[in-house]
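Below you'll find the structure, written out as structure tokens, and then a few comments.
The values are calculated or read from the model by the stated rules, or taken from the named source; none is laboratory data. Small disclaimer: the values here were computed from a predicted structure and weren't measured. Cβ placement follows ideal geometry from the backbone for every residue including glycine, while neighbour counts extend to all protein chains displayed. These accessible areas exclude ligands, DNA and RNA; they are computed on the full protein's heavy atoms, side chains included. Shrake-Rupley method; radii C 1.70, N 1.55, O 1.52, S 1.80 Å.
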Amino acid sequence: CTAEVFRSLSCVTGTMLACLLPTVVCANVVLSEVQWMGTGLSTADEWLEFTYVPTGSGARSLQPLGGWYVTSVNSSHEEKTIFTFPDGSFIGSGQYAVVSNYDADHSWLAEEPDFTSTAISLPNTKLLLRLYNSGGVVMDTADDGVGVPFAGENASGTGAKRSMERAVLTGSGGIKEHWVSASTFIGLDDGAPLFGTPGYANGTGFSYDSTPPNDATNFSARLFSGTLLSTWTPSASLDVLLQEMHTNPPVGTGRIVLPATATGWSMFVSSGNTVELHLFSIDTSGHVSSGITLIVDTSEEYSPAEDPKQGSGSSAHPGVYITEVLANPIGKDDDEWIEIANLGTGSVHIAGWVLDDGNSPQAFTIPNVRMLSGAWPPRFASGFVLAAGEHVSFRKSVTALPLGNQGERISLLSGSSVIDSWEYPETAEDVSYGRKIDSPQVMQPFCMPTEGAPNTEDLLQPFIAI
């Protein structure tokens, strides 16, 4: 027992004399788990777990907790109450109660805690917690207030933190050997780099990630001016590495790799056809979600409520695309470039949009001012606006994006929406690759690159030497 609680009982003798018998009952409610180091979400994402292990004669199956309270001793050796169980609180035999600083929406807890209190703030050194009953009797302790906590790991960077779990529930919580660092996980958001079992028996759950991530949700698509714009809410799993869109009819290889945070993607389609979109989430362990599928009838055009000429992209695709790439210029590959163009009907603000080749240390963010930005052709204007029909290119000297001669995927993003993304193949020297001018859904090589201008299919002028 961690404490002895005396309960008065009535007994009747043969002479009907009433007497009081002191009966020892162990109210074995203990601190069973302590998340003292926070999580990767927040250092304040901390919680305590309690469990009830009734022992001894007369033990109750349901233990009242109203008025019980937990204290923490701070660095000034002051004991402060950090939580008091409200009146009417109970805990059943073998049950667990979680008291957290945050609710589930703001923490890595997968399920709502039983109680929340913003006073749950736990020290990373000299940890000492005490559990008192409503009469002020110490019922349990956790740690001894000296040095680092008995157990738990406060990993930094990408490492996984581990909660401090009670290994011996019926022994004193002030003994170091009665605590261990969590080695399994359950009750946490999927993919969280964290070991712990809030709300569950210690040591249960999984020791490694063996499950695929959750699928994305709210998957929808609409057709606007020949462009199919799909949107979704990304997977809630925390370890998603990337997303893949599979298309039928296929676009390129039929597999479009998208960032983990992408919320939209677009493609040119031919009106009247049926398009199948399959979206998958892939986590850092290589597990693939079951996928969600959307079948779109492209015979019906979407009519947005607002004027599409504004190019906001909120309900209609802005009409801006990656139109041409030169990955293998003559000589040194210092003059590689990526061209984007506004194929829509209205001007579009593209400042803050991002060009990414997926392989470089960082992507290129289109600057807020076009003047002296390095864009080609140069233009003296405030802001960065693409007029309808306008083309602009960004060279490697500006973007620091090296384009592989063997081909790779390039993407244009606005926030979390993938405005355009496609993969160019290996081409001969000084041969560009991009969209056909009169059928932009068709991709082809161009023997005569047209940087910063509409793509053409002009034939090379023959040169004969004798």
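Within the set of other residues whose C-beta is less than 12 Å from the C-beta of residue 379, count the net charge using Lys and Arg as +1 and Asp and Glu as -1.
0
Compute the separation of the alpha-carbon centres of region 419-445 and region 30-106 and state it in Å as a whole number.
Each part's Cα centre sits 61 Å from the other's.
Given H placed 1.01 Å from N in the peptide plane, which residues other than close sequence neighbours of residue 89 have an amide H under 5 Å from its amide H?
When sequence neighbours closer than 5 places are left aside, the close amide H contacts are 65, 66.
Can you send over the solvent-accessible area of residue 277, 1.4 Å probe, protein chains only, in Å² to the nearest 10?
Roughly 0 Å² of residue 277 is accessible to a 1.4 Å probe.
In the chain, with Lys and Arg counted as +1 and Asp and Glu as -1 at Cβ, which of these residues, 250, 201, 455, has the Cα nearest the positive end of the dipole, that is, farthest along it?
The listed residue farthest towards the positive side: 201.
Could you name the lysines in cross-link range of residue 436, using Cα to Cα under 28 Å and dropping any fewer than eight places away on the same chain?
309, 332, 396
Per residue, how much accessible area does the chain have with a 1.4 Å probe, in Å²?
Heavy-atom accessible area per residue stands at 47 Å².
I'm spelling it out carefully: the read-out is Cα Rg over 2.2 N^0.38 Å, the candidates are (i) 1.11; (ii) 1.46; (iii) 1.41, and one was derived from this structure. Which label?
(iii)
So who's got an amide H within less than 5 Å of the one on residue 83, skipping anything under 5 residues away but keeping other chains? H placed 1.01 Å off N, in plane.
Here 70 satisfy the definition.
How much length, in nm to one decimal, is gained on full extension between residue 406 and residue 201, taken as 0.36 nm per residue of separation minus their Cα-Cα distance?
68.5 nm
Can you pull the accessible area of residue 105 for me, 1.4 Å probe, Å² to the nearest 10?
Around 130 Å² of this residue is reachable by solvent.
Could you give the nm distance between label points at residue 138 and residue 430, where each point is 7 Å from its Cα heading toward the beta carbon?
Once both label points are built, they end up 8.6 nm from each other.
Between residue 55 and residue 155, what's the calculated FRET efficiency when r is the beta-carbon distance and R0 is 35 Å? Round to 0.05.
For residue 55 and residue 155, the calculated efficiency is 0.45.
Calculate the FRET efficiency for residue 244 and residue 380 from the Cβ-Cβ distance with a Förster distance of 60 Å, rounded to the nearest 0.05.
Taking R0 as 60 Å, the efficiency between residue 244 and residue 380 is 0.90.
Treating the beta-carbon of each Lys and Arg as +1 and of each Asp and Glu as -1, no other charges, what is the dipole magnitude of the chain about its Cα centre, to the nearest 20 debye?
1140 debye
Ordering 433, 208 from largest to smallest accessible area (1.4 angstrom probe), what's the sequence?
From most accessible down to least: 208, 433.
How would 126, 436 rank on accessible area, largest to smallest, probe 1.4 Å?
So the residues, ranked largest to smallest area, are 126, 436.
Applying the Karplus parametrisation 6.51 cos²θ - 1.76 cosθ + 1.60 with θ = phi - 60° to the phi angles of region 168-176, what ³J(HN,Hα) value in whole Hz is obtained for each residue in order, glycine and proline being reported as x?
Going residue by residue, I get 10, 6, 9, x, 5, x, x, 10, 4 Hz, with x marking Gly and Pro.
What FRET efficiency would be calculated for the residue pair residue 335, residue 105, taking the C-beta separation as r and a Förster radius of 51 Å, to the nearest 0.05?
0.55
Can you give the extra length, in nm with one decimal, that the chain gains between residue 126 and residue 170 once fully stretched, where that is 0.36 nm per residue apart less the Cα-Cα distance?
That works out to 13.5 nm of additional length.
Note down the nm distance, to one decimal, between modelled labels 7 Å out along Cα→Cβ at residue 368 and at residue 112.
Taking the simple label geometry, residue 368 and residue 112 are separated by 4.3 nm.
Less than 19 Å from a label point 7 Å out along the Cα-to-Cβ axis of residue 439: which backbone N atoms in region 194-226 qualify, by residue?
225-226
Can you tell me how much longer the chain between residue 90 and residue 177 gets when fully stretched, taken as 0.36 nm per residue apart minus their C-alpha distance, in nm with one decimal?
Result: 28.4 nm gained on full extension.
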